[in-house]
1. Only Cα pairs under 8 Å and at least 6 apart count here; give the relative contact order of the chain as a rounded whole percent.
2. Hey, got the dipole for the chain? About the Cα centre, +1 on K and R Cβ, -1 on D and E Cβ, debye to the nearest 20?
3. Return the aspartates and glutamates within reach of Lys86: Cα separation strictly under 14 angstrom, same-chain partners fewer than 8 residues apart disregarded; answer none if there are no such residues.
4. Once every DSSP H run of n ≥ 4 in the chain is given -39500 (n - 2.57) and the sum is divided by its residues, what mean residue ellipticity at 222 nm do you get, rounded to the nearest 500 deg cm²/dmol?
5. Kindly identify segment 1-92 as rounded, prolate or oblate by the Cα gyration tensor criterion: order the square roots of the eigenvalues as a ≥ b ≥ c, call it rounded if a/c is under 1.5, otherwise compare a/b with b/c, prolate if a/b is larger, else oblate.
6. Kindly write out, for segment 6-12 in residue order, the coupling ³J(HN,Hα) from the Karplus curve 6.51 cos²θ - 1.76 cosθ + 1.60 (θ = phi - 60°), rounded to whole Hz, with x marking Gly and Pro.
7. If neighbour count is taken as other Cβ atoms inside 10 Å, put Met171, Met1, Met64 in order from fewest to most.
8. Placing +1 on the Cβ of each Lys and Arg and -1 on the Cβ of each Asp and Glu in segment 2-175, which of Gln81, Gln131, Leu143 has its Cα farthest towards the positive end of the resulting dipole?
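Each reported figure results from applying straightforward, stated rules to the coordinates on display, with no laboratory input. Just so it is clear, the structure is predicted and the values come from calculations on it, not from any experiment. Don't worry about glycine lacking a Cβ; one is built from the backbone with ideal geometry, like all the others, and counts go over all protein chains shown.
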Amino acid sequence: MEILSALVTEHKLIRNWLHKLCEVPHYDFITREIFIDFIKHLLAVHHQLEEVTFYTPLRVANPMCPVTSTRHLDHGVFLIQLENLKKIDEETAWETATRELQAVIENHFGEEESYVFLAGKSHFTPEEGKQLALLFKKMQKKLHEQKSVKTDFWPFLVDVPPRFYRDVRSMFEALT
């Protein structure tokens, strides 16, 4: 399903940058900060994309699906943990903290890919998966171009599958 492929590709990108962050020496504060800020941007964008193009439609398709209520909340915790990495001075603490954060995010992505995304396969039609992937790609491009998570998504409402329209529109209102 296309939306799931888009989400997995996004996970791979973030995993790659987390790996690079773990390789930055603890004493290279400038590179650390640049990488951390970039990964925070990637995660903030990813959070919005996943919320609008996957979790909100899944809540509409299956209001009783338990995974929709908590999985997406992890992203906010990851952003805080990334910011806290900037304060670490000691080598062992830096190496431990970056590896632990990488493992926690990897676990989160693994659970989504192994369990949560399967719910999307059973609750979205192939056409809805294509429409959500199109919405994902348009939003992703705009968010990265603007380097901000605050943007006007209203023009993208035409790409929302009809049965998700009302809820995704409410999500857009919350994001702008």
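1. In percent, rounded to a whole number, it is 34.
2. 660
3. Straight-distance partners of Lys86: Asp28, Glu33, Asp37, Glu95.
4. -23000 deg cm²/dmol, from helical runs alone.
5. Prolate, because a/c is 1.5 or more and a/b exceeds b/c.
6. 5, 5, 5, 4, 4, 4, 4
7. Ascending number of Cβ neighbours within 10 Å: Met64, Met1, Met171.
8. Gln131
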